[in-house]
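Peer 1: One structure, pasted below without further comment.
The values are calculated or read from the model by the stated rules, or taken from the named source; none is laboratory data. What you see is a predicted model; the values in this text were computed from it and never measured. For neighbour counting, all protein chains shown are included, and Cβ atoms are generated from backbone atoms with ideal geometry for every residue, glycine included.
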Ligand SMILES: [Fe+2]
Ligand SMILES: [Fe+2]
């Protein structure tokens with residue numbers, strides 16, 4: 001993915017209100033990280049990155065509990081994708097003292113979130129809407 005600003009648009013809406021609200025917030029936080037990096041340089045955005053990772057991990061908990069609630073047939077694969085992101089977060093924490101890696105980390109997060117929402121989360125939400133339209 002090209003490293004332009006990440007901007008929310010409604011094509012990312014998936015129809016499950018709680019998930020959509022959290023995705024919108026993830027975009028907002030990513031945009032704020034990018035803005036801080038642009039204005040202040042890379043190192044000042046570290047606390048926002050920490051926040052971003054913990055927020056993403058909380059978000060996965062929500063999605064995974066919904067998967068369990070609807071007996072989602074692709075849960076195993078989807079949870080494995082979340083686990084990859086968690087592992088990448090742990091690796092990042094180990095290397096956090098190296099400011100040169102931050103740009104790469106932000107690029108990774110952006111690419112991961114956008115492709116994951118467009119593919120895996122979209123399939124999950126369409127299953128939720130079919131099986132539990134009230135959720
Ligand atoms: Fe997900
Ligand atoms: Fe998600």
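Peer 1: Would you pick out the residues in segment 58-91 that are farther than 18 Å from residue 22 by Cβ and not in a helix (DSSP H, G or I)?
Peer 2: Of everything in segment 58-91, those that are farther than 18 Å from residue 22 by Cβ and not in a helix (DSSP H, G or I) turn out to be 71, 73, 74.
Peer 1: Would you confirm, using the coordinates I've provided, whether residue 51 is part of a helix (DSSP H, G or I) and within 18 Å of residue 118 (Cα to Cα)?
Peer 2: In short, no.
Peer 1: What about residue 76, is it out of contact with any strand residue (DSSP E or B) (no Cβ under 6 Å at 6 or more places or on another chain), more than 17 Å from residue 14 (Cα to Cα) and modelled with pLDDT of 90 or more?
Peer 2: In short, yes.
Peer 1: Right, residue 119: free of Cβ contacts under 8 Å to residues at least 40 places away in the same chain, farther than 19 Å from residue 52 by Cβ and assigned to a helix (DSSP H, G or I) or not?
Peer 2: Yes; evaluated as a whole, the condition is true for this residue.
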